[in-house]
Amino acid sequence: MRIESAALTWDYRVAGEGRPLVWIHGFPLSAAIWERQTTIPGVRHILPDLPGFGESPAPGQPVQIEDYARGILAIMDQEGHQTAVVAGLSMGGYIAFALAGLAMERLSALILVDTRETPDTPEARAKRYETIEAVRKDGTGAVVDSMYGKMITPESQKDDPEGAVRVRAIMESATPEGTVAALDAMARRPDSSDLLPRIEVPTLIVVGREDAITPPADAERMRAAIAGAELAILDRAAHLSNFERADEFNRTVSSFIERIQQRR
Ligand code: MLT
(Lines give C-alpha, C1' and ligand atoms only; values in the text may rest on other atoms or scores of the structure.)
Protein backbone atom coordinates (compact mmCIF):
# COMPACT_ATOMS: atom_id res chain seq x y z
CA MET A 1 0.00 0.00 0.00
CA ARG A 2 1.15 3.55 -0.69
CA ILE A 3 0.33 6.92 0.85
CA GLU A 4 1.59 10.51 0.56
CA SER A 5 1.96 12.65 3.68
CA ALA A 6 3.84 15.95 4.17
CA ALA A 7 5.49 15.49 0.74
CA LEU A 8 6.78 12.04 1.80
CA THR A 9 5.78 8.77 0.17
CA TRP A 10 5.22 5.79 2.42
CA ASP A 11 4.93 2.13 1.54
CA TYR A 12 3.30 -0.13 4.11
CA ARG A 13 2.01 -3.65 4.46
CA VAL A 14 -0.84 -5.07 6.51
CA ALA A 15 -0.98 -8.63 7.88
CA GLY A 16 -3.38 -10.54 10.13
CA GLU A 17 -6.70 -9.64 11.66
CA GLY A 18 -7.64 -8.21 15.01
CA ARG A 19 -6.56 -5.27 17.08
CA PRO A 20 -4.67 -2.68 14.95
CA LEU A 21 -1.00 -2.40 15.90
CA VAL A 22 1.41 -0.14 14.02
CA TRP A 23 5.02 -1.30 14.20
CA ILE A 24 7.47 1.60 13.65
CA HIS A 25 10.96 0.37 12.83
CA GLY A 26 14.32 1.74 13.99
CA PHE A 27 17.40 3.04 12.20
CA PRO A 28 18.82 2.06 9.73
CA LEU A 29 16.26 -0.68 9.27
CA SER A 30 12.88 -1.28 7.63
CA ALA A 31 9.56 -2.87 8.48
CA ALA A 32 11.27 -6.20 7.73
CA ILE A 33 12.80 -6.05 11.21
CA TRP A 34 9.32 -6.94 12.54
CA GLU A 35 8.99 -10.08 10.38
CA ARG A 36 9.26 -12.32 13.46
CA GLN A 37 6.32 -10.47 15.07
CA THR A 38 3.68 -10.91 12.35
CA THR A 39 2.78 -14.34 13.74
CA ILE A 40 1.37 -12.73 16.92
CA PRO A 41 -2.32 -13.71 16.73
CA GLY A 42 -5.35 -11.45 17.17
CA VAL A 43 -3.52 -8.45 15.76
CA ARG A 44 -3.87 -6.46 12.53
CA HIS A 45 -0.18 -5.75 11.97
CA ILE A 46 0.46 -2.47 10.13
CA LEU A 47 4.06 -2.31 8.91
CA PRO A 48 5.25 0.99 7.43
CA ASP A 49 8.66 1.57 5.89
CA LEU A 50 9.95 5.02 6.81
CA PRO A 51 10.75 7.13 3.71
CA GLY A 52 14.07 6.02 2.24
CA PHE A 53 13.95 2.61 3.97
CA GLY A 54 12.54 -0.71 2.75
CA GLU A 55 10.11 -0.11 -0.12
CA SER A 56 9.46 3.59 0.59
CA PRO A 57 11.08 6.06 -1.82
CA ALA A 58 13.75 8.35 -0.42
CA PRO A 59 12.66 11.78 0.83
CA GLY A 60 13.61 14.73 -1.34
CA GLN A 61 13.88 17.18 1.52
CA PRO A 62 14.83 17.34 5.22
CA VAL A 63 12.41 15.58 7.53
CA GLN A 64 11.42 16.24 11.12
CA ILE A 65 10.52 13.53 13.60
CA GLU A 66 6.97 14.99 13.62
CA ASP A 67 6.72 14.49 9.83
CA TYR A 68 7.29 10.78 10.33
CA ALA A 69 4.62 10.81 13.08
CA ARG A 70 2.17 12.56 10.73
CA GLY A 71 2.84 9.85 8.16
CA ILE A 72 1.91 7.16 10.70
CA LEU A 73 -1.31 9.03 11.52
CA ALA A 74 -2.09 9.30 7.79
CA ILE A 75 -1.62 5.52 7.43
CA MET A 76 -3.98 4.96 10.38
CA ASP A 77 -6.52 7.26 8.67
CA GLN A 78 -6.19 5.42 5.38
CA GLU A 79 -6.70 2.09 7.18
CA GLY A 80 -9.77 3.45 9.00
CA HIS A 81 -8.28 3.25 12.48
CA GLN A 82 -9.10 6.14 14.78
CA THR A 83 -6.88 4.48 17.40
CA ALA A 84 -4.19 1.80 17.34
CA VAL A 85 -1.55 0.23 19.54
CA VAL A 86 1.67 1.95 18.50
CA ALA A 87 4.97 0.11 18.89
CA GLY A 88 8.28 1.88 18.24
CA LEU A 89 11.76 0.39 18.15
CA SER A 90 14.48 2.90 19.03
CA MET A 91 14.03 5.67 16.40
CA GLY A 92 10.52 4.26 16.02
CA GLY A 93 10.05 5.06 19.71
CA TYR A 94 11.16 8.67 19.11
CA ILE A 95 8.46 8.79 16.41
CA ALA A 96 5.89 7.23 18.75
CA PHE A 97 6.59 9.99 21.29
CA ALA A 98 6.13 12.62 18.56
CA LEU A 99 2.85 10.96 17.61
CA ALA A 100 1.74 11.02 21.25
CA GLY A 101 2.62 14.72 21.40
CA LEU A 102 0.55 15.44 18.28
CA ALA A 103 -2.43 13.18 18.95
CA MET A 104 -2.34 11.30 22.27
CA GLU A 105 -6.03 10.38 21.77
CA ARG A 106 -5.13 8.16 18.82
CA LEU A 107 -3.07 5.75 20.94
CA SER A 108 -4.90 2.79 22.42
CA ALA A 109 -1.67 1.49 23.94
CA LEU A 110 2.05 2.01 23.58
CA ILE A 111 4.91 -0.48 23.20
CA LEU A 112 8.38 1.04 23.58
CA VAL A 113 11.16 -1.23 22.37
CA ASP A 114 14.84 -0.46 23.06
CA THR A 115 14.31 3.28 22.96
CA ARG A 116 14.61 6.39 25.09
CA GLU A 117 12.70 9.64 25.65
CA THR A 118 15.73 11.94 26.01
CA PRO A 119 17.24 13.90 23.09
CA ASP A 120 20.78 13.58 21.76
CA THR A 121 23.61 14.94 23.89
CA PRO A 122 25.66 17.65 22.10
CA GLU A 123 28.35 15.01 21.46
CA ALA A 124 25.88 12.55 19.97
CA ARG A 125 24.42 15.31 17.78
CA ALA A 126 27.86 16.30 16.51
CA LYS A 127 28.59 12.64 15.75
CA ARG A 128 25.36 12.40 13.71
CA TYR A 129 26.46 15.33 11.53
CA GLU A 130 29.88 13.75 11.04
CA THR A 131 28.11 10.57 9.98
CA ILE A 132 25.90 12.54 7.56
CA GLU A 133 29.03 13.92 5.89
CA ALA A 134 30.52 10.42 5.68
CA VAL A 135 27.32 9.01 4.13
CA ARG A 136 27.18 11.84 1.59
CA LYS A 137 30.76 11.12 0.61
CA ASP A 138 31.04 7.33 0.82
CA GLY A 139 27.52 5.90 1.17
CA THR A 140 25.98 3.99 4.07
CA GLY A 141 28.67 1.31 4.56
CA ALA A 142 30.26 2.98 7.58
CA VAL A 143 26.87 3.30 9.33
CA VAL A 144 26.20 -0.41 8.87
CA ASP A 145 29.71 -1.35 10.02
CA SER A 146 29.60 0.82 13.13
CA MET A 147 26.10 -0.23 14.23
CA TYR A 148 25.84 -3.88 13.23
CA GLY A 149 27.83 -5.21 16.20
CA LYS A 150 25.43 -3.48 18.62
CA MET A 151 22.25 -4.79 17.02
CA ILE A 152 22.38 -8.42 18.14
CA THR A 153 24.68 -10.13 20.64
CA PRO A 154 27.79 -12.01 19.48
CA GLU A 155 26.12 -15.23 20.74
CA SER A 156 23.14 -14.72 18.42
CA GLN A 157 25.44 -13.84 15.54
CA LYS A 158 26.91 -17.32 16.07
CA ASP A 159 23.75 -19.29 17.01
CA ASP A 160 21.40 -17.70 14.44
CA PRO A 161 23.62 -17.07 11.41
CA GLU A 162 20.62 -16.69 9.09
CA GLY A 163 19.13 -14.04 11.38
CA ALA A 164 22.48 -12.25 11.54
CA VAL A 165 22.75 -12.17 7.74
CA ARG A 166 19.17 -10.94 7.56
CA VAL A 167 19.80 -8.05 10.00
CA ARG A 168 22.82 -6.97 7.99
CA ALA A 169 20.89 -7.17 4.71
CA ILE A 170 18.05 -5.07 6.15
CA MET A 171 20.59 -2.47 7.31
CA GLU A 172 22.31 -2.47 3.92
CA SER A 173 19.04 -1.83 2.11
CA ALA A 174 18.72 1.71 3.54
CA THR A 175 19.18 4.48 0.96
CA PRO A 176 21.77 7.21 1.59
CA GLU A 177 19.02 9.88 1.33
CA GLY A 178 16.80 8.11 3.86
CA THR A 179 19.79 7.59 6.16
CA VAL A 180 20.82 11.27 6.01
CA ALA A 181 17.23 12.46 6.59
CA ALA A 182 16.79 10.13 9.57
CA LEU A 183 20.13 11.09 11.16
CA ASP A 184 19.26 14.79 10.83
CA ALA A 185 15.73 14.24 12.19
CA MET A 186 17.07 12.29 15.18
CA ALA A 187 19.71 14.96 15.87
CA ARG A 188 16.99 17.63 15.99
CA ARG A 189 14.39 15.63 17.90
CA PRO A 190 13.00 17.25 21.04
CA ASP A 191 13.20 16.01 24.61
CA SER A 192 10.07 13.93 25.30
CA SER A 193 10.65 13.66 29.07
CA ASP A 194 7.73 15.97 29.89
CA LEU A 195 5.41 13.87 27.79
CA LEU A 196 5.86 10.68 29.82
CA PRO A 197 3.71 11.64 32.84
CA ARG A 198 0.91 12.57 30.40
CA ILE A 199 0.78 9.07 28.90
CA GLU A 200 -2.34 7.43 30.29
CA VAL A 201 -2.71 4.45 27.95
CA PRO A 202 -1.39 1.00 28.87
CA THR A 203 2.34 0.97 28.16
CA LEU A 204 4.76 -1.91 27.76
CA ILE A 205 8.50 -1.25 27.67
CA VAL A 206 10.83 -3.96 26.37
CA VAL A 207 14.63 -3.82 26.32
CA GLY A 208 17.50 -6.20 25.72
CA ARG A 209 19.64 -6.62 28.83
CA GLU A 210 22.74 -6.16 26.65
CA ASP A 211 21.48 -3.18 24.66
CA ALA A 212 24.40 -0.73 24.53
CA ILE A 213 22.55 1.88 22.41
CA THR A 214 19.51 2.32 24.65
CA PRO A 215 20.43 0.38 27.80
CA PRO A 216 18.05 -0.98 30.46
CA ALA A 217 18.67 2.16 32.56
CA ASP A 218 16.79 4.18 29.92
CA ALA A 219 13.91 1.72 30.05
CA GLU A 220 13.83 1.83 33.88
CA ARG A 221 13.68 5.63 33.79
CA MET A 222 10.76 5.59 31.34
CA ARG A 223 8.93 2.97 33.41
CA ALA A 224 9.24 5.16 36.49
CA ALA A 225 7.85 8.18 34.62
CA ILE A 226 4.86 6.51 32.89
CA ALA A 227 2.05 5.60 35.30
CA GLY A 228 1.42 1.86 35.37
CA ALA A 229 4.00 1.06 32.70
CA GLU A 230 5.24 -2.53 32.56
CA LEU A 231 8.87 -3.37 31.87
CA ALA A 232 10.31 -6.55 30.39
CA ILE A 233 14.10 -6.92 30.25
CA LEU A 234 15.04 -9.74 27.87
CA ASP A 235 18.19 -11.70 28.67
CA ARG A 236 20.72 -12.49 25.94
CA ALA A 237 19.40 -9.66 23.76
CA ALA A 238 21.04 -6.47 22.52
CA HIS A 239 19.37 -3.59 20.63
CA LEU A 240 17.01 -5.62 18.41
CA SER A 241 15.38 -7.53 21.27
CA ASN A 242 12.25 -8.17 19.18
CA PHE A 243 14.29 -9.94 16.50
CA GLU A 244 16.87 -11.63 18.67
CA ARG A 245 14.51 -13.01 21.32
CA ALA A 246 11.41 -13.12 19.14
CA ASP A 247 9.63 -15.93 21.04
CA GLU A 248 9.96 -14.26 24.42
CA PHE A 249 9.22 -10.84 22.94
CA ASN A 250 6.08 -12.17 21.22
CA ARG A 251 4.85 -13.90 24.38
CA THR A 252 5.33 -10.65 26.31
CA VAL A 253 3.43 -8.61 23.70
CA SER A 254 0.63 -11.20 23.37
CA SER A 255 0.08 -11.26 27.11
CA PHE A 256 0.02 -7.42 27.18
CA ILE A 257 -2.51 -7.27 24.32
CA GLU A 258 -4.73 -9.93 25.93
CA ARG A 259 -4.77 -7.99 29.17
CA ILE A 260 -5.70 -4.75 27.38
CA GLN A 261 -8.55 -6.54 25.59
CA GLN A 262 -9.90 -7.72 28.96
CA ARG A 263 -9.86 -4.18 30.34
CA ARG A 264 -12.19 -2.92 27.58
C1 MLT B 1 17.85 3.07 16.16
O2 MLT B 1 18.04 1.88 16.39
O3 MLT B 1 16.79 3.48 15.69
C4 MLT B 1 18.98 4.03 16.42
O5 MLT B 1 20.04 3.37 17.03
C6 MLT B 1 18.53 5.15 17.28
C7 MLT B 1 19.59 6.19 17.48
O8 MLT B 1 20.59 6.21 16.76
O9 MLT B 1 19.40 7.05 18.37
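Has the stretch 247-260 got any residue that is under 17 Å from the mean Cα position of the chain (by Cα), assigned to a helix (DSSP H, G or I), within 15 Å of the ligand (Cβ to nearest atom) and within 27 Å of ILE40 (Cβ to Cβ)? Looking through the stretch 247-260, none of the residues is under 17 Å from the mean Cα position of the chain (by Cα), assigned to a helix (DSSP H, G or I), within 15 Å of the ligand (Cβ to nearest atom) and within 27 Å of ILE40 (Cβ to Cβ). So which of ALA87, ALA69 is under 16 Å from the mean Cα position of the chain (by Cα), within 24 Å of PHE243 (Cβ to Cβ) and either within 14 Å of the ligand (Cβ to nearest atom) or aromatic (Phe, Trp, Tyr) (or both)? Every option except ALA87 fails the conditions. The test for being open to solvent by less than 30 Å² (accessible area, probe 1.4 Å) and within 16 Å of the ligand (Cβ to nearest atom) holds for PRO216. Of all residues in the stretch 169-192, those that are more than 11 Å from ASP120 (Cβ to Cβ) have Cβ atoms under 6 Å from Cβ atoms of residues that are within 14 Å of the ligand (Cβ to nearest atom) and of a type in the set (Phe, Trp, Tyr), 6 or more apart or on another chain, in ALA174/PHE53; GLY178/PHE53; ALA182/PHE27; SER192/PHE97.
Note on the stretch 15-45: among residues that are free of Cβ contacts under 8 Å to residues at least 60 places away in the same chain and in a strand (DSSP E or B), the one that is farthest from GLU66 (Cα to Cα) is ALA15.
Test ASN250 against the stated conditions and say whether it is among the polar types (S, T, N, Q), farther than 27 Å from GLY141 by Cα and at pLDDT 95 or above.
Details: among the polar types (S, T, N, Q): yes; farther than 27 Å from GLY141 by Cα: yes; at pLDDT 95 or above: yes.
The answer is yes for ASN250.
Of all residues in the stretch 99-132, exactly one satisfies the criterion of being in contact (Cβ under 8 Å) with a residue 24 or more places away in the chain, within 16 Å of the ligand (Cβ to nearest atom), among the polar types (S, T, N, Q) and farther than 18 Å from ALA224 by Cβ, namely THR131.
Restricted to the stretch 184-200, and to residues that are open to solvent by 10 Å² or more (accessible area, probe 1.4 Å) and in a helix (DSSP H, G or I), which residue is nearest to the ligand (Cβ to nearest atom)?
Filtering the stretch 184-200 down to residues open to solvent by 10 Å² or more (accessible area, probe 1.4 Å) leaves 184, 188-195, 197-198, 200.
Filter again for in a helix (DSSP H, G or I), leaving 184, 193-195, 197-198.
Values: ASP184: 12, SER193: 16, ASP194: 19, LEU195: 17, PRO197: 23, ARG198: 22 Å.
Residue satisfying both the conditions and the ranking: ASP184.
The values are calculated or read from the model by the stated rules, or taken from the named source; none is laboratory data. Since this is a predicted model, take the numbers as computed values, not measurements. No Cβ is skipped: glycine too gets one built from the backbone with ideal geometry, and neighbour counts run over all protein chains shown. Just so you know, the surface numbers come from the protein's heavy atoms only, side chains and all, with ligands and any DNA or RNA stripped out. Shrake-Rupley method; radii C 1.70, N 1.55, O 1.52, S 1.80 Å.
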